[in-house]
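Throughout, read-outs are computed from the coordinates displayed, never taken from laboratory work. Since we're looking at a predicted model, the values are computed, not measured. Methodologically, a virtual Cβ is constructed for each residue, glycine included, from the backbone with ideal geometry; neighbour enumeration extends over all protein chains shown.
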Amino acid sequence: MRFDIITIFPEMFKNAFSGGIIKKAREKSIIEIHVHNLREFAVDRHKQVDDRPYGGGEGMVFKPEPIFAAVEKIKQSEDTAVYLLSPQGRKLDFQFAEKLAHLSQLILICGRYEGVDERVIQHLVNGEISLGDYILTGGEPAAIVIVDAVSRFIPQVVGKPESVRHDSFSEGLLDFPQYTRPRDFRGMKAPKVLFSGNHDKISLWRRKKSIEKTLSVRPDLLKNKSVSPEDKKILEEIKKGKDNEPG
């Protein structure tokens, strides 16, 4: 898969993909990452990519000409997806990242300032992507996150594909707690069930803890989830246990 990032600060990506599984995937040519300086596509001798908004207002707005020129030069096929990174976009989640991983090319436009000319949104991009309900100084950090999140779904990027399937959100739930050596650290002991050798009990414990954490931290995930009879039973036990807690 090929990622193309359009930005006015290409130096921000200098070491962003120089380690971990992303580095290995690039070395194996499983993924390609290309960073493009938007100013190289400016149409005037001053390399201007922004201007004041029509109608007045604070700040500057990205001009349409350089963005259109950049995308039209970089885009390799009609199947290429182009997304603007902005606070107004669709939130990136597990399912969306997995969907994007099926593309052969993904172009990410890093927004800045007060935004971009609306004609870019209406006539050039496939959509907008946001990381959440907060504002970043620009789309560059978001682009790094998106490349990382999407890459994990590309075959052979992650050494053990089953680890991706068992991640948080893969089943609409948060992950269960993990423990490793030492078994007893400063009096804080790992749960006995993990040493029982009974894989059915371990699996049930993990499932319960996963549901328990989701209910506590992200109950909204359970509202949108189709709950199996087994999970429904676990939920009832958890809620019953809470009802019996001393007030």
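In the structure shown, the pairs K91/K213; K28/K75; K24/K232; K23/K208; K28/K208; K99/K239 are assessed against 31 Å; a Cα-Cα span above that value is assigned to K24/K232; K23/K208; K28/K208; K99/K239. In plain terms, the chain from N224 to E78 could stretch by 49.2 nm, reckoned as 0.36 nm per residue minus the Cα-Cα distance.
Kirkwood radius and radius of gyration were both taken over the C-alpha atoms of the chain, and their ratio Rg/Rh is 1.08.
Shape of region 184-243 from its Cα gyration tensor (a ≥ b ≥ c, root eigenvalues): rounded if a/c is under 1.5, otherwise prolate when a/b > b/c, or oblate? Since a/c reaches 1.5 and a/b is larger than b/c, the shape of region 184-243 is classed as prolate. For the chain, the longest principal axis of the alpha carbon atoms and the long axis of helix 64-74 meet at an angle near 70°.
When the helices of the chain are scored as -39500 (n - 2.57) per DSSP H run of n ≥ 4 and the total is divided over every residue, the value at 222 nm lands at -10500 deg cm²/dmol. Here the peptides 186-198, 74-86 are ranked by packing, the mean other Cβ count within 10 Å, and the order with the highest first is 74-86, 186-198. The stretch between K192 and V145 holds 13.3 nm of extra length on full extension. This uses 0.36 nm per residue minus the Cα-Cα distance.
Couplings 3J(HN,Hα) of region 203-217, computed from phi: 4, 5, 4, 5, 4, 5, 5, 5, 5, 4, 5, 4, 4, 7, 9 Hz, in residue order, whole Hz [Karplus 6.51 cos²θ - 1.76 cosθ + 1.60, θ = phi - 60°; x for Gly and Pro]. Among R2, R45, the order by Cβ neighbours within 10 angstrom, fewest to most, reads R45, R2.
First check a/c for region 1-130, with a ≥ b ≥ c the square roots of the eigenvalues of its C-alpha gyration tensor; if it is under 1.5, answer rounded, and if not, answer prolate when a/b is larger than b/c or oblate otherwise. Judged from the Cα gyration tensor, region 1-130 comes out prolate (a/c at least 1.5, a/b above b/c).
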